[in-house]
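A.B. asks: Starting off with a structure, shown below.
The values are calculated or read from the model by the stated rules, or taken from the named source; none is laboratory data. As the structure is a computational prediction, the values presented were derived from the model and not from experiment. Ideal geometry is used to build each Cβ from the backbone, glycine not excepted, and the neighbour counts take in all protein chains shown. With ligands, DNA and RNA removed, areas are computed over all heavy atoms of the protein, side chains included. Shrake-Rupley method; radii C 1.70, N 1.55, O 1.52, S 1.80 Å.
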Amino acid sequence: MAPTVRLSPAARSLFDEPLAIAVQGLGPRQPVTLRSSLRDETGELFQACARYQAGDDGELDLARCPALPGGSFSGLEPMGLLWALQPQKPFRRLVKRDVQSPFLLQLEVFDGHGEPPGRLLAQAQHERAFLRDGVRRVPVREGRIRATLFLPPGNGPFPGIIDLYGTGGGLPEYRACLLANHGFAVLALAFYGYEDLPKEMKEFHLEYFEEAVNYMLQHTQVKGPGIGLLGISKGGDLCISMASFLKGITATALINGSVANVGAVLCYKDITIPSLGTDVKRIKVNKSGIADIVDVLNNPLEGPDCQSFIPLEKAECRFLFIVGQDDRNWKSEFFAVEGSKRLQAHGKEKPEIVCYPGAGHYIEPPFFPMCAASMHLLVGKPVVWGGEPKAHCEAQVDAWQQIQAFFCKHLMGKPSGTSNKL
């Protein structure tokens, strides 16, 4: 019989769910190369390949069969063909711009381990979707707020979360959308570089973010009395500032965030927090022209830079710090530890800090391929983000569970570790 690719789920799965991949009908111990491909919405091609040998029965199950050396990964990696996807052009990061359409994953099976690959034996397509059936996507243009609200299926009310990304600006929706699939009402909030919001990161006013918090607290589908905040990178220190000054926040989770205000002045009423100082002479550029910016920021514990340290001891919420220990954007572990010291020095509860060795800066939802380097808007050239692909992928899977468990515990009163599949 002709070889066939068997997938489970067969035609469509959610992007943060595992996908089981197997090939049937091969010859006994036949050597084959598997190749995965997908294109993002701009047409950029991402690919991975792996070399395998079928079993004595001509079956190849990626959950039981290790990949041989010579491909994008080796060893027992059932999801390797997804997390090892790499852009064909350098410095591209896989992001999802339109969550209403799936990514189309192409899988091909070639004979042998040759370069270029041998004869095409079998192929399959699979949709990797972002919106679970019944999740509602609601564009929000109320007052100054520019956002998208995702509501799970069912009657609600649901625990509410505001989701913030970093210096890339715009309105990324994919993490908020994937989180809503798990039973949370999530507001993906733009804060610059989108529609009529400020074009540049110079000055942020916390009143804008307060409007978004109040919108969530007053929404009939959002379960009170408080909401959660989730932020990565620059979005992380914005979340800490929101938690420190605004009412109604119960739980704040940060992915590689800073405890100092970075990149723009922050204003709220009569309070101004300056931006942490930088020294561009500390940028190191390697032979390929890629910058390492990990040492650029000043120490927020020294001299006038102390004024940029966000007074997180004022917060009335619980904190979770997710830390990639190989973050090359800035010293996330240092920030988390100093935030913890500051909270405890003021008699506050110690935050949860979860550290991942081998994980870089962009800890995304599960199975997004690691981006080793890409353009940085503020630096104006490609920067290295850190991380080792396999360890980074494992960190993303675990961090996703940690974040959901944290919000379940503090927004729903559920013990950590209980599944929240609604």
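A.B. asks: For a quick check: with amide H placed at 1.01 Å from N, whose amide H comes under 5 Å from residue 99's, ignoring anything fewer than 5 positions away on the same chain?
C.D. replies: Residues meeting the criterion, in which the H sits 1.01 Å from N, do not exist here.
A.B. asks: Where only protein heavy atoms count, and the probe is 1.4 Å, what is the accessible area per residue for the chain in Å²?
C.D. replies: Roughly 41 Å² per residue, with all protein chains present.
A.B. asks: Now for a different question. Quick one: pull the percent of accessible area on the chain belonging to carbon and sulfur, 1.4 Å probe, ligands and nucleic acids left out.
C.D. replies: Carbon and sulfur atoms account for 52 percent of the accessible area of the chain.
A.B. asks: Just checking my list [x] 213; [y] 142; [z] 166 against volume of the Cα convex hull per residue in Å³ computed from this structure; which label fits?
C.D. replies: Of the labelled values, this structure produces [y].
A.B. asks: Which value, in debye to the nearest 20, describes the size of the charge dipole of segment 124-260 about its Cα centre when Lys and Arg Cβ atoms bear +1, Asp and Glu Cβ atoms bear -1, and nothing else is charged?
C.D. replies: For segment 124-260, the charge dipole is close to 260 debye.
A.B. asks: Something else about it: Using DSSP, restrict attention to beta bridges with both residues in segment 136-412 and report what percent are antiparallel, rounded to the nearest 5.
C.D. replies: Bridges in segment 136-412 that DSSP calls antiparallel: roughly 40 percent.
A.B. asks: Give a residue-ordered list of calculated ³J(HN,Hα) values for segment 93-100 (Karplus: 6.51 cos²θ - 1.76 cosθ + 1.60, θ = phi - 60°; whole Hz; x for Gly, Pro).
C.D. replies: So the J values, rounded to whole Hz, are 10, 6, 10, 9, 8, 10, 6, 7.
A.B. asks: Ignoring GluC sites (Glu not before Pro) that are buried or in helix or strand per DSSP, and keeping those with at most 15 other beta carbon atoms within 10 Å, what is the longest stretch of the chain between them? Please report the intermediate quantities before stating the final value.
C.D. replies: Values: sites that count: 41, 44, 142, 195, 200, 302, 316, 349.
Between exposed loop sites, the widest span is 201-301.
A.B. asks: A further question on this structure: Heavy atoms only, probe 1.4 angstrom, no DNA, RNA or ligands counted: give me 346, 113, 126 ranked by accessible area, highest first.
C.D. replies: Per-residue accessible area, sorted high to low, gives 346, 113, 126.
A.B. asks: Moving on. Please name which of 190, 236, 14 has its Cα lying farthest along the dipole of the chain towards the positive end, using unit charges on Cβ (Lys, Arg +1; Asp, Glu -1) and the Cα centre as origin.
C.D. replies: The residue sitting most towards the positive pole is 190.
A.B. asks: How much of the DSSP bridge set in segment 290-422 is antiparallel, in percent, rounded to the nearest 5?
C.D. replies: Approximately 40 percent, going by the DSSP bridge assignments.
A.B. asks: Kindly provide the trypsin sites (Lys or Arg not before Pro) of segment 1-49 that DSSP labels as loop, not H, G, I, E or B, and whose Cβ sees at most 14 other Cβ atoms within 10 Å.
C.D. replies: Within segment 1-49, the qualifying trypsin sites (Lys or Arg not before Pro) (loop, at most 14 other Cβ atoms within 10 Å) are 29.
A.B. asks: Long-range amide H contacts for residue 222: which residues qualify at under 5 Å (H placed 1.01 Å from N, peptide plane, sequence gap of 5 or more or a different chain)?
C.D. replies: 158
A.B. asks: Please list, in chain and number order, the residues 5+ apart from residue 118 or on another chain whose amide H is under 5 Å from its amide H, with Hs placed from the backbone.
C.D. replies: Close amide H contacts, sequence-distant or interchain: 111.
A.B. asks: Something else about it: With every protein chain present, what accessible area does residue 133 have (1.4 Å probe, heavy atoms only), rounded to the nearest 10 Å²?
C.D. replies: Roll a 1.4 Å probe over it and residue 133 shows about 130 Å².
A.B. asks: Pick out, from 107, 25, 53, the residue whose Cα sits farthest towards the positive end of the charge dipole of segment 4-129, with +1 on the Cβ of Lys and Arg and -1 on the Cβ of Asp and Glu.
C.D. replies: 107
A.B. asks: How far is the Cα center of segment 320-338 from the Cα center of segment 145-219, in Å?
C.D. replies: If we compute the Cα centre of each part, the gap is 23 Å.
A.B. asks: Give me the accessible area of residue 400, 1.4 Å probe, in Å² rounded to the nearest 10.
C.D. replies: 10 Å²
A.B. asks: Specify which residue in the list 259, 297, 377 is farthest towards the positive end of the charge dipole of the chain, using unit charges on the beta carbon of Lys, Arg (+1) and Asp, Glu (-1), about the Cα centre.
C.D. replies: Farthest towards the positive end: 377.
A.B. asks: Let me ask something else about it. State to the nearest 20 debye the size of the charge dipole of the chain about its Cα centre, where the only charges are +1 on K and R beta carbons and -1 on D and E beta carbons.
C.D. replies: 240 debye
A.B. asks: Let me ask you something else. Using a 1.4 Å probe and ignoring any ligands, DNA or RNA, find the accessible area of residue 239 and quote it in Å² to the nearest 10.
C.D. replies: Near enough 0 Å² of accessible area.
A.B. asks: Further, regarding this structure: Hey, what number do you get for the chain at 222 nm if only DSSP H runs of n ≥ 4 count, each worth -39500 (n - 2.57), divided across all residues, to the nearest 500?
C.D. replies: My calculation for the chain gives -5500 deg cm²/dmol from helical runs alone.
A.B. asks: Give the distance, in whole Å, between the Cα centre of segment 57-76 and the Cα centre of segment 89-118.
C.D. replies: 18 Å
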